[in-house]
Amino acid sequence: MELFDSHTHLNDEPFRGKEEFYLERAENLGVTRAAVAGQDPDFNERAIDLSERFDNLYAIVGYCPDVAKDFDQAAKDKLIEQLQLDKTVALGEIGLDYYWDESPRDIQRKVFAEQLEIAHELKMPVNIHTRDAFEDTYKILKDSKVGEYGGILHNFNGDPEWMKKFLDLGMMMSFSGVVSFTKATDVHASAKVVPWDRILIETDAPYLTPKPYRGKQNETGYVHYVAQAIADLREVTIDEVATHTYENAMKIYGIK
Ligand SMILES: [Zn+2]
């Protein structure tokens, strides 16, 4: 069995200098590849650094809603350069966050749309963060023809009705540890019916730790438990979840 963590933050504080240790633990749980998600200049740089140091790590770079207000021309030029590196596989995480509201909403929307335009030009898939903002996220993705270059809704926490709308745009749904939480009934319902060719799994480590480690720090290896939770919901083996999610990750990220 091989598992692919489609969105992790091995570039975050708790893992610095201990990447080998966490990658070894991941491998023991069957996790053989991971995409390290950036979000701001520092995290983007660190994601790229890890992708250059480790064969089985890939970089995702972008300006998340928190730092949308800093996305000027110089930032844009630098990002375009970073997106063309061999092991950069997606633009992200980008999107809208109306929960934290760290950047004004009109700027979040503008910078989100601008980065989608870059993705369109470079034919790169996008990794989307959305919080309390399904309506506007959907509208902007629809207008930006996301189906032509591919999009992933990271940590998808919506109900099947919202999921269908995003699936109809041609997108992939990435499930996190939330799918293992007893009370996350909307997410359970979505994970049960998402088509096999549209499903991904992720940790978003160090956040969103799945059961049985909920409450502790998350790590890339624990995507194993996300896969297990989905297998239980769909009444299939973990190997079946592994096969589909691994294939889908390789395909959307364009890895040979
Ligand atoms: Zn993340």
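Each reported figure results from applying straightforward, stated rules to the coordinates on display, with no laboratory input. Owing to the predicted nature of the structure, the values given are computational and were not obtained by experimental measurement. Quick reminder, even Gly has a Cβ in these numbers, built from the backbone with ideal geometry, and neighbours come from all protein chains shown.
Restricting attention to the alpha-carbon atoms of the stretch 3-252, what are Rg (one decimal) and Dmax (integer), both in Å?
16.6, 50
Given a Förster distance of 41 angstrom, what is the FRET efficiency for K78 paired with F181, based on the Cβ-Cβ distance and rounded to 0.05?
0.65
Report, to two decimal places, the Cα Rg of the stretch 157-256 normalised by 2.2 N^0.38 Å (N = number of residues).
1.01
Using 1/(1 + (r/R0)^6) with R0 = 45 angstrom and r between the beta carbons of I255 and D106, what's the FRET efficiency to the nearest 0.05?
After rounding, the FRET efficiency stands at 0.80.
Each label point is 7 Å from the Cα along the Cα-to-Cβ direction; what then is the distance between the points at T243 and L122, in nm?
3.4
Greater than 21 Å separation of Cα atoms is the criterion. Which listed pairs, K164/K216; K76/K164; K78/K142; K123/K145; K164/K192, meet it?
Table pairs above 21 Å Cα-Cα are K164/K216; K76/K164; K78/K142.
Using the number of other C-beta atoms within 10 angstrom as an exposure proxy, rank H120, H7, H129, H244 with the fewest first.
Final ranking by Cβ density, sparse to dense: H120, H244, H129, H7.
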